[in-house]
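Rule-based calculations on the coordinates, nothing more; no lab input. The structure presented is a predicted model; accordingly, all values stated were derived computationally and were not measured. As a convention, Cβ positions derive from the backbone with ideal geometry for all residues, glycine included, and neighbour counts pool all protein chains shown.
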Amino acid sequence: MIEQIWKRNDGSSIHIEVKSSPTIYQNQRAELLLLVDISSRKKFQTVLQKSRERYQLLIQNSIDTIAVIHDHKWVFMNESGIKLFEAEHYDKLIGKDIFHQIHSCDQQKVKKSLTRIIERTSDSEIVTMSCHTFKHRLIYTEMVCIPTTFFGETAVQIILRDISERKQTEELMLRSEKLSIAGQLAAGIAHEIRNPLTAIKGFLQLIKPKTKDRDQYFEIVFSELSRIEIILSELLMLAKPQQTASMQTLDLKKIISEVTALLETQANLNGILMNTSDIEEDLLVNGDQNQLKQVFINLIKNAVESMPDGGKVDIMAKAERDGILVTIRDEGVGIPESVMKRIGEPFLTTKEKGTGLGLMVTFNILENHNGRIRVDSQPEKGTVFHIMFPAK
Ligand code: ADP
Ligand code: MG
């Protein structure tokens, strides 16, 4: 059986399928030919081929990652997927275990969804999961799974989308919500507690025994009271920036040296050296003196507290092209990943006597001063806070 193009009498061509078989005709060996006009079938095939190509192009150029998973391996992946996973080549993914890419926390969840699709107990599944890229980045993705076939076997077609940005925005919104609620609460509560506290403190002073034997209890009570006062004043700070900030032109060098003088004793006791030799002269910012001091106190205190066995805190400040950069660097324990993710949240602390408000207040004040803050930290190596003030 062969396919041929024949010519009609009018010159037009025609696709013919020719079937031939030997036969006997008038006692002679002959050939029996069967001619079938397959023009329309041919035409249909080309249309099909074209539409297949178009479909492939569509998948290949889709912005979303489209892939096929068979037996927990990638068997197909489009261009976007290669980009998403930052793979050098298709070979890095095709034929490889999908769980290499999926974060261990999400593997069980993904496995279950895939099983439901393969067993056809579900027509489609949506899973969110974190994935590792080949450049060791963690991305947050949303995956839609639907059943498909791969060489006759059940497989799963997926559409994967990077929603890291969306997640970040959500987290940011959540955080700013928390911040403003904490700020409102703080202002209210702090005032309410402060007044009775003053009364308690005053009367305690009055009934403080003259004899020595009970003195230690009173000392504990007073030290606990002053701890409450510290927490209250930090809380009040939160509500303050908008209200009583009195902006003026300030010399950063002066502010920082006043702060370090204040913290000198605590630092010395802990065997810590504060190095302020890299602070340029005449760095002027617009701000509230007390609030900016609070920022440096909080950051330097954290630096000091991160080095229980002593060390060095470098405080540097210099003029840059687009502002003034202050850097506070310690050689302390570093900020653990779990804290780093939530840094600046209220009541987030790893210290036995911490309040978890210092950084939140700091971030808040800087925001009100149009400053920016960034933190880099390495466990056991130390932490660096970079603060950028707008140029005056
Ligand atoms: P607190 O000091 O009362 O714990 P902060 O808001 O000042 O509250 O800090 C929150 C947490 O961030 C700290 O408990 C600590 O785990 C971490 N942290 C902040 N600064 C540093 C630093 N320089 N080195 C290590 N950890 C830090
Ligand atoms: Mg602190």
Query raised in the report: How about the range 264-330: which trypsin sites (Lys or Arg not before Pro) there are in a DSSP loop, with at most 10 other Cβ atoms within 10 Å of their Cβ?
Result: Arg321
Query raised in the report: For the range 78-120, treating each Cα as an identical point scatterer without solvent, what Debye log10 I(q)/I(0) comes out at q = 0.14, 0.17, 0.31 1/Å?
Result: -0.41, -0.58, -1.01
Query raised in the report: Percent relative contact order of the chain, based on C-alpha pairs within less than 8 angstrom and at least six residues apart?
Result: 9 percent
Report summary line: Expressed in angstrom, Rg and Dmax over the Cα atoms of the chain are 36.3, 144
Query - Within straight-line cross-link reach of Lys50, lysines at Cα separation under 25 Å, skipping those fewer than 8 residues along the same chain - result: Lys42
Report summary line: Nearest 10, in degrees from 0 to 90: the angle of helix 252-269 to the longest Cα principal axis of the chain is 80 degrees
Query - Added length on full extension, which subtracts the Cα-Cα distance from 0.36 nm per residue, Gln168 to Glu320 - result: 51.8 nm
Query raised in the report: How compact and how long is the range 68-176, expressed as Rg and Dmax of its alpha-carbon atoms in Å?
Result: 14.3, 52
Query raised in the report: Taking amide hydrogens as modeled 1.01 Å from N in the peptide plane, which residues meet the under 5 Å criterion relative to Met274, leaving out close sequence neighbours?
Result: Val313
Report summary line: Neighbour-count ranking for Met360, Met340, Met316 (other C-beta within 10 angstrom, fewest to most) reads Met340, Met316, Met360
Requested in this report: Could you give log10 I(q)/I(0) at q = 0.17, 0.21, 0.24, 0.28 Å⁻¹ for the range 20-90, computed by the Debye formula over C-alpha point scatterers of equal weight, without solvent?
Outcome: -0.78, -0.93, -1.02, -1.15
Query raised in the report: What are the ³J(HN,Hα) values, in whole Hz, obtained from phi via the Karplus relation 6.51 cos²θ - 1.76 cosθ + 1.60 with θ = phi - 60°, for each residue of the range 354-363 in sequence order, with x given for Gly and Pro?
Result: x, 9, x, 10, x, 5, 5, 4, 4, 4
Requested in this report: May I ask you to sort Ile365, Ile98 by Cβ crowding, counting other Cβ atoms within 10 Å and putting the fewest first?
Outcome: Ile98, Ile365
Report task. Counting only C-alpha contacts under 8 Å and six or more residues apart, can you give the relative contact order of the range 257-392 as a whole percent? Result -> 26 percent
**Report entry** the range 336-388: GluC sites (Glu not before Pro) in DSSP coil with no more than 16 other Cβ atoms inside 10 Å
**Finding:** Glu352, Glu380
Query raised in the report: With labels modelled as points extended 7 Å from the Cα through the Cβ direction, what inter-label distance (nm, one decimal) is found for Asp10 paired with Glu258?
Result: 10.2 nm
**Report entry** Most positive-pole-ward Cα, Thr350, Gly323, Ser257, against dipole of the range 250-376 from beta carbon charges
**Finding:** Thr350
Query - FRET efficiency for Ile146 and His386, using Cβ-Cβ distance with R0 set to 41 Å, rounded to 0.05 - result: 0.30
Query raised in the report: At Lys111 and Gln378, where each label point lies 7 Å from the Cα along Cα→Cβ, what is the point-to-point distance in nanometres?
Result: 3.6 nm
Report task. Evaluate the relative contact order of the range 42-167 (contact order divided by residue number), counting alpha-carbon pairs under 8 angstrom at least 6 apart; express in whole percent. Result -> 23 percent
Query - Residue order, fewest to most surrounding Cβ atoms within 10 angstrom, among Phe363, Phe222 - result: Phe222, Phe363
**Report entry** Calculated from backbone phi, Karplus (6.51, -1.76, 1.60) coupling profile of the range 378-386 in Hz, x at Gly/Pro
**Finding:** 10, x, 6, 9, x, 9, 10, 9, 10
Query raised in the report: How far is helix 215-244 tilted off the main Cα axis of the chain, in degrees rounded to 10, range 0 to 90?
Result: 60 degrees
Query raised in the report: If one puts a single equal scatterer on every Cα of the range 254-354 and applies the Debye formula without solvent, what log₁₀ I(q)/I(0) results at q = 0.12, 0.18 Å⁻¹?
Result: -0.44, -0.96
Report summary line: In degrees, nearest 10, the alpha-carbon axis of helix 104-118 is tilted away from the dominant principal axis of the alpha carbons of the chain by 30 degrees
**Report entry** FRET efficiency, 1/(1 + (r/R0)^6) with R0 22 Å, evaluated for Glu280 and Lys312 via beta carbons
**Finding:** 0.65
Report summary line: So the FRET efficiency between Asp251 and Arg227, C-beta based with R0 = 41 Å and rounded to 0.05, is 0.80
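As an exercise, identify the GluC sites (Glu not before Pro) in the range 39-108 lying in DSSP coil whose Cβ has no more than 13 other Cβ atoms within 10 Å.
Here the GluC sites (Glu not before Pro) that fit, given the DSSP loop and packing criteria, are Glu88.
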